[in-house]
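The values are calculated or read from the model by the stated rules, or taken from the named source; none is laboratory data. As the structure is a computational prediction, the values presented were derived from the model and not from experiment. Quick reminder, even Gly has a Cβ in these numbers, built from the backbone with ideal geometry, and neighbours come from all protein chains shown.
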Amino acid sequence: MKKGNLELSVGIFMLVGILCLGYLSIKLGKMEFVGGDTYGLYAEFESVSGLKQGAFVEIAGVEVGRVESIAFLPAKGVARVNLRINGGVKLQDDVIAAVRTRGIIGDKFVKLKPGGSEKLLTSGGRIRETESSVDIEELLSKYIHGKVE
């Protein structure tokens, strides 16, 4: 009987340890199981070159969300970027979304510039004003070939 109790105790201890490791992995990875306190918005860009799913969404250098998905809309010829914004962040309907690069060759992220409107975007809303990413290779090519405008 003593051996059975010891094995049960070790089993429970291992199960609790695995659950704790799983919890820490989720929290450190900033993942959410049940959506958390967030809401979704979308924006359409002419170019999102280099932007990836999971990229940061920032306002004034502070992370306020993540890029949830990116899809091409063939009918419009644009890329639709779905954003997941933290629930405590309220955005005006005239906010501007821009794809930017962290440093010269760093990761791409979406920078939001707050607007001045009193009307707020709600879940599923569209960010109308966008600025596409700057393609460094294209700019260098134009400069080298003398086609800079």
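With the requirement that a residue be within 9 Å of the chain's Cα centre (by Cα) and within 18 Å of Leu120 (Cβ to Cβ), what does the range 70-96 give you?
Leu83, Arg84, Ile85
Search the range 21-43 for residues that are under 20 Å from Leu91 (Cβ atoms) and among the acidic types (Asp, Glu) and pair each with any residue that is surrounded by 10 or more Cβ atoms within 10 Å (Cβ to Cβ) and at pLDDT 80 or above when their beta-carbon atoms are under 8 Å apart and the residues are at least 6 apart or on different chains.
If the second residue must be surrounded by 10 or more Cβ atoms within 10 Å (Cβ to Cβ) and at pLDDT 80 or above, the pairs left are Glu32/Thr38; Asp37/Asn86; Asp37/Gly87.
Restricting attention to the range 134-149, does a residue exist that is surrounded by 15 or more Cβ atoms within 10 Å (Cβ to Cβ), on the phi < 0 side of the Ramachandran plot and in contact with a strand residue (DSSP E or B) (Cβ under 8 Å, 6 or more places away or on another chain)?
No, the range 134-149 has no match at all.
Within the range 131-140, does at least one residue satisfy the condition of being at pLDDT 90 or above, assigned by TED's automatic domain parsing to the domain that holds Leu51 and outside any loop (DSSP other than H, G, I, E, B)?
Of the residues in the range 131-140, the ones at pLDDT 90 or above are none.
No, there is no match, as no residue in the range 131-140 is at pLDDT 90 or above, assigned by TED's automatic domain parsing to the domain that holds Leu51 and outside any loop (DSSP other than H, G, I, E, B).
Return yes when Val62 is within 30 Å of Gly22 (Cα to Cα) and surrounded by 15 or more Cβ atoms within 10 Å (Cβ to Cβ) and no when it is not.
So Val62 does not fit the description; no.
Kindly list the number of the only condition in (1) among the aromatic types (Phe, Trp, Tyr); (2) outside any helix (DSSP H, G or I); (3) out of contact with any strand residue (DSSP E or B) (no Cβ under 9 Å at 6 or more places or on another chain) that fails for Phe13.
Failed condition: (2).
Do we have any residue at all in the range 1-9 that's outside any strand (DSSP E or B), farther than 29 Å from Asp94 by Cβ and modelled with pLDDT of 90 or more?
Taking every residue of the range 1-9 in turn, none turns out to be outside any strand (DSSP E or B), farther than 29 Å from Asp94 by Cβ and modelled with pLDDT of 90 or more.
All but one of (1) under 12 Å from the mean Cα position of the chain (by Cα); (2) free of Cβ contacts under 8 Å to residues at least 40 places away in the same chain hold for Val67; which doesn't?
Exception for Val67: condition (2).
Go over the candidates Gly54, Gly50, Gly88 one by one and state the one that is of a type outside the set (Asp, Glu), free of Cβ contacts under 8 Å to residues at least 40 places away in the same chain and either out of contact with any Leu (no Cβ under 8 Å at 6 or more places or on another chain) or farther than 26 Å from Gly116 by Cα (or both).
Details: Gly50 fails: free of Cβ contacts under 8 Å to residues at least 40 places away in the same chain; Gly88 fails: free of Cβ contacts under 8 Å to residues at least 40 places away in the same chain.
Within the list Gly54, Gly50, Gly88, the selection yields Gly54.
Could we say that Thr122 is within 18 Å of the chain's Cα centre (by Cα), polar (S, T, N, Q), assigned by TED's automatic domain parsing to the domain that holds Val48 and more than 23 Å from Gly54 (Cβ to Cβ) here?
On the way: within 18 Å of the chain's Cα centre (by Cα): yes; polar (S, T, N, Q): yes; assigned by TED's automatic domain parsing to the domain that holds Val48: yes; more than 23 Å from Gly54 (Cβ to Cβ): yes.
Yes.
For the range 85-102, state whether one or more residues are loosely packed, with under 15 Cβ neighbours inside 10 Å and within 23 Å of Val134 (Cα to Cα).
Yes; the residues of the range 85-102 include at least one that is loosely packed, with under 15 Cβ neighbours inside 10 Å and within 23 Å of Val134 (Cα to Cα).
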